[in-house]
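Student: One structure follows; several queries about it will come next.
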Amino acid sequence: MRNYWCCCGTQIGIGWGPGLSRELARWMVHGAADISMREFDPRRFGPYATKSWQVTKAHEDYCLRHEIPFPDFNRLAGRPVKPSPIHDLLHAKGAVHEEVFGFERPRWFAKNGVAQRDHYSFRRNVVHDMIGEEVRAVRERVGIMDITAFAKVEVAGPQARDFLDRLVANRLPSKNGSVALTHMLNRSGRIELETTVTRLNSERYYLVCAAFFENVLIDHLRNNLAGEDARITSHSEAWSALALSGPRARDVLNACADADLSNAGFRWLSAQDITVAGRPLLALRMSYAGELGWELHMPKDACRTVYEALWAAGTPHGIADYGSFAMNALRMEKAFKGARELTNEVTLPEADVMPFVSIEKEFLGADATRRSARAASEGALPWICAYLEVEPDGVNDGHGGEAVLRDRQVIGATTSVAYGHSVGKILAFAYIDQAAHVPGAEIEVAIAGTPRRGRILSEAAHDPTSNLPRTDG
């Protein structure tokens, strides 16, 4: 419905109304709010949010109103809504699931007598060790994850390329089968979302992004369609996906696939139609874990067969399931920014993702991006995203929102925080004063009220040259 605006989730109208109304007005006039409105954006829900489901969740919300807001609190009412084809199989193997855009996604897997439920605490608890085991499996052997929840959207048609090219900040892939990481912006030059774009052929492009951005992505595409002959189709409900990552990933996939998986036959950051366990699928050679790996996208009815074949082939190599908590730790070790860093509050130079920007091309938000880039070169940005390592104390690791200090003065705040099991350090992203963004500089992060020593990093804590994803074999 055009020109209908709504803040969805205003529990305390009198208290929240004035601020939300201000941001809603800015959204209406300028095309974007000044602060992230994800928690109030109706697009965070899909068709699964039926009337009965809404009643169930409203009742749950009321009952939880005065509960302690533990980190990663898992709301269980009205679930599952959209279980993946292997949800029951993973649950039987110890998976503790979370809900993202209606989908059930594994968080972590209970083992060694640990209860298969959420364990809430502001400090480390038994889940920490479970995550560590999953991280080590991916880094040292091979891991498999159900990533069905990813948003999967195809843009196709004679003018699909021209249409997408004016919306993305990076160059589109020029060869069939090539994959690019890029961002879409609003007209103020601030980030709407991050997505990968795979060129299937000259008239078909496959976009994959975080689950909760699906409606935002489709909305953004449709609202900016200016008469081009391009069709926008979501495959998220019809398709599933698995991630296979780790040093033994090629060995496992080789046992089940009909393709040449060597660097010569299947290069890094490319996609091919292949057959795995007799089921045709789209394989993308990429890994959010920063290891040798593939994402396998397929019709839902193929997922269980493919998963079981990969598990059987991986058993001699020590294959393990892993979930989103381990994935978060893995991406932090690789300095991969996520949704907490990439919001409509920041520009691409402020987010420090300019390697994925073609500054000379024209795209929505390009002028604002160039202005921000000039400000960055002059040291005049209001803030910039920094990558930090912090000394652990074995008890408190932080959860995001911690103050960052230099010489006892606050210079910013963390966005994402996770313990890097591969490097033995707490790793964090933080938006800090640009003048303070000096690689190697010592800082402090106030975790659980206590300043902790740390420093600003200039490269990923794990495999900074990204040699591992390019491993040949």
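The values are calculated or read from the model by the stated rules, or taken from the named source; none is laboratory data. Everything quoted here is computed from the prediction, not taken from an experiment. Cβ atoms come from the backbone with ideal geometry, glycine included; neighbour counts cover every protein chain shown.
Student: Could you please let me know if SER458 is among the polar types (S, T, N, Q), crowded, with 18+ Cβ neighbours inside 10 Å and more than 30 Å from ARG166 (Cβ to Cβ)? Spell out the reasoning first.
Tutor: Values: among the polar types (S, T, N, Q): yes; crowded, with 18+ Cβ neighbours inside 10 Å: no; more than 30 Å from ARG166 (Cβ to Cβ): yes.
When the stated conditions are applied, SER458 does not pass them.
Student: Okay, next question. Which condition from (1) more than 21 Å from ALA283 (Cα to Cα); (2) in contact (Cβ under 8 Å) with a residue 12 or more places away in the chain; (3) assigned to a loop (DSSP other than H, G, I, E, B) is the one that GLY227 breaks?
Tutor: (2)
Student: Could you pull out the residue among ALA326, ALA313, ALA249, ALA241 that is in contact with a His (Cβ under 8 Å, 6 or more places away or on another chain), crowded, with 20+ Cβ neighbours inside 10 Å, under 28 Å from PRO83 (Cβ atoms) and aliphatic (A, V, I, L, M)?
Tutor: ALA241
Student: Just the residues that are of a type outside the set (Phe, Trp, Tyr) and within 19 Å of LYS337 (Cα to Cα), please, taken from the stretch 383-392. It would help to see each step written out before you state the result.
Tutor: Going through the stretch 383-392, the residues of a type outside the set (Phe, Trp, Tyr) turn out to be 384-386, 388-392.
Residues satisfying the conditions are ILE384, CYS385, ALA386, LEU388, GLU389, VAL390.
Student: In the stretch 1-12, how many are exposed (fewer than 10 other Cβ atoms within 10 Å of the Cβ) and more than 29 Å from ARG222 (Cβ to Cβ)?
Tutor: 1
Student: Also, quick follow-up: Within the group LEU330, LEU388, LEU364, which residue is over 30 Å from TYR307 (Cβ atoms) and in contact with a Phe, Trp or Tyr (Cβ under 9 Å, 6 or more places away or on another chain)?
Tutor: Matching residue, one of LEU330, LEU388, LEU364: LEU388.
Student: Checking the conditions here, which among GLU333, GLU308 is closer than 22 Å to TRP108 by Cβ and within 18 Å of the chain's Cα centre (by Cα)? Walk me through how you get there before you give the answer.
Tutor: On the way: GLU308 fails: within 18 Å of the chain's Cα centre (by Cα).
The match here is GLU333.
Student: To continue, here is another question. Can you list the strands (runs of 3 or more DSSP E) lying wholly within the stretch 366-473 that have 1 or more residues being at pLDDT 95 or above and among the charged types (D, E, K, R)?
Tutor: Where strands (runs of 3 or more DSSP E) fall fully within the stretch 366-473 and carry at least 1 residues being at pLDDT 95 or above and among the charged types (D, E, K, R), they are 384-390, 403-406, 425-432, 442-447, 450-457.
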